[in-house]
Amino acid sequence: MVLTRFGIALISLLAVSVIIFWCVEMLPGDAAERILGRNATPEALALLREKLHLDLSAGQRYLRWLTAFLSGDMGTSLVAERPVADYISSRIANTALLSGLALLLYIPVSITLGVLTAIHRGKPVDHAISVVVLVLMCLPEFVIGILLISVFAIKLAWLPPLALIDQARSFGELLELIALPTITIVAAMSAYAVRMMRESLIEVLESSYVLMARLKGLPKRRVLLFHALPNALGPAINITALNVAWMIGGVVVVESVFEFPGIGRLMVDSISHKDVPVILAISMVMTGAYIATNLVADILVILLNPKLR
Amino acid sequence: MASSWPVAQIRDLTVDYHGERGWTRAVDGVSLEIGNGEALGLAGESGSGKTTVAYTLLGERRGASRVGGQVLFRGRDILAMPAGELLSVRGRSIGFVPQNPMASLTPSMKVGGQVAEMLRFHAVETPQGVGARVVELLDSVGIPNPVAAARRYPHELSGGQQQRVAIAMALACRPDLVILDEPTTGLDVTTQKRILELLAALKRETAVSMLYVSHDLASLAQICERVAVMQKGRLVEVAHTSSLFADPRQEYTRDLIAAVPRLDRPPAGRIEAPPPRHAPNLLEIDRLAVSYARRPLFGLGKPPADADSVKGVSFAVQRGKTFALIGESGSGKSSIARAVAGLTRPRAGAIRFNGEALPALARQRSTLLRRKIQIIFQNPDSSLNPRKTVRSILARPLSMFSRLDAVAREARVIELLQAVRLDPAYADRRPHQLSGGERQRVAIARALAAEPELIICDEILSALDVSVQASVLQLLQTLQRERGLTYLFISHDLAVVRWFAQDIGVLRQGAFCELGDTETTLSAPKSPYTIQLLEAVPRIDAGPPPETQPA
């Protein structure tokens, strides 16, 4: 079972690399033209192409990349002329910090708000939270980001508008810099999860076993935390896996809004330079992260539901 | 523990619901008393308010907008109790056994833990003693290997064992009163019998008082000293069990008792239809095997033969007669029904209809064949589209199987409603505006719309009240006589089938252990399993338990 999943994961990674490679291939121009810019002479172009192995056919270049990748070598960035591994590792760390922090906040925020709306269903608390959540669901993440900047960075001047975290000198400064992009991601992600948590908890609260737990004379808190919540988390965990998938794409947009030095922005830059090895490396990292979160979500759902064990 | 107060007194209880159509009175001026160590039965059809009364004893309003009167537990009014005090009464002094144990045990928590939390939160046991007491409780309700069972999740137990766990939970804190809400409905007959025996034994040993809510008079007769009968929110009659059954005062009670299917005598109003002695076979089943096992090799291989849920069954149904398939859950009776209806592809074997081999799946069958074989399902709530009116539910098979213009179709809809004894005005209603029995009649009318020769009835009575069951059975018999219909009737209830089906097959674990005509098979059963099933049928005249002395 785990082995099949692992095999499928490898096949997916391979397929993604082929698709990404050919997509980039279809873009007009090549890295040599991008590097040399307007004052490129045909001779200089030919020389650079030979150096970057751009004179080889697309198939050959893909195979060269694949064999190197399989032996653990991600190649050299065409533009920065540095090994891709070094080049992207610090960016990955930044993005991992941002998404990790967002995920860490997202889980308690969605559960708490979902539970609050479910147990106060139809009351002012539910309406207030639900309206905010629905508005956030409708707004694209860059709008949320820009709104946050205009309020907290420009109007109130509490937080810096740009998240240039490489310039942070202390941990406190780092938190200040990373706050707005994190909140943007959490707001965009939690909206769906809160709705999902609310629906699934309402259904569970109306179940016979919750009624039974109440008729056993158990305190409210016990009924909620031990009888209702564990059975309501399943759908919320599945939506989290979808959310993480969204976040992998959304992080690109959010990083661009806040000038955040992560792989999302690097990806955008690399595509405009047609820096194929970097693009492929980032795609592999993103796909891997996506597959891993889905796997973790599946395992969690199975662990929470004894029937599936 | 003896108190001067009776365990429970309900005084002039009224419960009202406020809905779209204004106020509805669910319980109207009910007064009852439960004595120490007494078991009071509360009988009535669905919608009679009996469950509502039972829940108010636990202080549970179930969305009621207004509750009037008094519900006294040992002299304290449960309706006026502060929330904290109510929690200490619930579970601690009043136990509860639910209708559907599968749905009522928390799926994510081990059953031992669910019993243990009762002991812990009501502080009736020292923390060190909880584990041992849980095992003792599970043992006392007859769960084999209680140490291992305590570590299981609810879904790992059978329906009967789940109900035993729920009973152990209800008795955990040694309460004064246990409320049982239809505790055996939904269980197999033999399981039901064992649960009833357990309840009777626990009552003798612990002298706990009980309020036993059920529509099943025969079960009530085995547990309760007194029975109260409710109808439309009102109390019709309260009497000692023996006198209630021997000499019911009210006509409604008499009707209820008469509707209980009995093995020893035919139901009132049974239609004797002498069918032709040797009718030709309409349906022949030859070594039918059905398997739900997953096929190896990504669904390409053959499923293993030893995983069959129906193991090579053969029988024949004669035209114009009724063949009953009897068995408990998991016996394969519904799998046979689904195979005949073309909903499941059999693993092996042949089905012949009118002497011709029947294609396996309904979509491979001709329109004519599909018209001639109709199926009615167990639960009309889920087999009728809730968004459609009765008219469009009935018009659908008409437009599929016949070419009628709008006027003729409307006439047919009215005719069908009349055939199932429903008011033609019902054509404009939607399923949720009908009662359970009326919905099942619509389902029957839908089957009739196709003018079938064979109707497969898959447990069509089990979701219905006893009195409604009786009238639906009578309807089926009338239709059979009028239209020469053939029924393949699937049921777990021998008493129903006894007077309804001419032929019977008793299924156990996918194979027949008895096959033949009903009369001889049931009067002289050969298989020990059939005998066991016959003995499990609850009898009203079995007599109530000896009257217990007030504790």
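The values are calculated or read from the model by the stated rules, or taken from the named source; none is laboratory data. None of these values were measured; they are calculated from a predicted model. As a convention, Cβ positions derive from the backbone with ideal geometry for all residues, glycine included, and neighbour counts pool all protein chains shown.
Numbers at a glance
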item: Condition broken by A:Leu98, with the remaining ones in (1) modelled with pLDDT of 80 or more; (2) under 16 Å from A:Lys274 (Cα atoms); (3) among the hydrophobic types (A, V, I, L, M, F, W, C) satisfied; result: (2)
item: Of residues in the range B:225-255 being among the acidic types (Asp, Glu) and free of Cβ contacts under 8 Å to residues at least 60 places away in the same chain, the one surrounded by the most Cβ atoms within 10 Å (Cβ to Cβ); result: B:Glu237
item: Total residues in the range B:82-120, condition more than 9 Å from every other protein chain (Cβ to nearest Cβ), assigned to a loop (DSSP other than H, G, I, E, B) and over 30 Å from B:Thr14 (Cα atoms); result: 0
item: Checking A:Ile282 against (1) assigned by TED's automatic domain parsing to the domain that holds A:Leu105; (2) more than 20 Å from A:Tyr106 (Cα to Cα); (3) aliphatic (A, V, I, L, M), the condition it does not meet; result: (1)
item: Test result for B:Glu33, touching a residue at least 24 places away in the same chain (Cβ under 8 Å), assigned by TED's automatic domain parsing to the domain that holds B:Gln231 and under 30 Å from the mean Cα position of the chain (by Cα); result: yes
item: Filtered residues of the range B:121-155 (kept if exposed (fewer than 15 other Cβ atoms within 10 Å of the Cβ), within 14 Å of chain A (Cβ to nearest Cβ) and charged (D, E, K, R)); result: B:Arg151
item: Some residue of the range A:34-41 being surrounded by 13 or more Cβ atoms within 10 Å (Cβ to Cβ) and in contact (Cβ under 8 Å) with a residue 60 or more places away in the chain; result: yes
item: Flag if A:Leu180 is within 14 Å of chain B (Cβ to nearest Cβ) and either outside any helix (DSSP H, G or I) or among the aliphatic types (A, V, I, L, M) (or both); result: no
item: Output for the range A:161-187, where each listed residue is surrounded by fewer than 18 Cβ atoms within 10 Å (Cβ to Cβ) and in contact with an Asp or Glu (Cβ under 7 Å, 6 or more places away or on another chain); result: A:Leu162, A:Leu164
item: Among the candidates B:Val506, B:Val496, B:Val472, residue that is of a type in the set (A, V, I, L, M, F, W, C) and farther than 27 Å from B:Ser46 by Cα; result: B:Val506
item: Members of the range B:122-165 that are assigned to a loop (DSSP other than H, G, I, E, B) and among the aliphatic types (A, V, I, L, M); result: B:Ala123, B:Val124, B:Val141, B:Ile143, B:Leu157
item: Residues of the range B:62-81 that turn out to be within 14 Å of another protein chain (Cβ to nearest Cβ), outside any helix (DSSP H, G or I) and more than 29 Å from the chain's Cα centre (by Cα), as a count; result: 2
item: Condition broken by B:Arg363, with the remaining ones in (1) at pLDDT below 90; (2) under 19 Å from B:Leu479 (Cβ atoms) satisfied; result: (2)
item: From B:Val147, B:Val134, B:Val189, residue being touching a helix residue (DSSP H, G or I) at 6+ places or on another chain (Cβ under 6 Å), over 25 Å from B:Leu57 (Cα atoms), among the hydrophobic types (A, V, I, L, M, F, W, C) and at pLDDT below 90; result: B:Val189
item: Among residues of the range A:197-230, those that are at the interface with chain B (Cβ under 8 Å from one of its Cβ atoms) and of a type in the set (Lys, Arg), counted; result: 3
item: Residue that is under 27 Å from A:Asn305 (Cα atoms), touching a residue at least 24 places away in the same chain (Cβ under 8 Å) and either within 14 Å of chain A (Cβ to nearest Cβ) or touching a Leu at 6+ places or on another chain (Cβ under 8 Å) (or both), where the choices are B:Ile179, B:Ile167; result: B:Ile167
item: Entirely in the range B:438-551, the strands (runs of 3 or more DSSP E) that have 2 or more residues that are under 19 Å from B:Ile376 (Cα atoms) and either among the small types (Gly, Ala, Ser) or in the same structural domain as B:Lys333 (by TED's automatic domain parsing) (or both); result: B:454-458, B:486-491
item: Matching residues in the range A:41-85 - criterion: being under 18 Å from A:Glu25 (Cβ atoms) and of a type in the set (Lys, Arg); result: A:Arg49, A:Arg61, A:Arg64
item: Leading residue by the ranking (surrounded by the fewest Cβ atoms within 10 Å (Cβ to Cβ)) among those in the range B:392-448 that are of a type in the set (A, V, I, L, M) and within 24 Å of the chain's Cα centre (by Cα); result: B:Leu434
item: Residue in the range A:187-196 that is farther than 18 Å from A:Leu113 by Cα and either away from chain B (no Cβ under 14 Å) or of a type in the set (S, T, N, Q) (or both) present; result: no
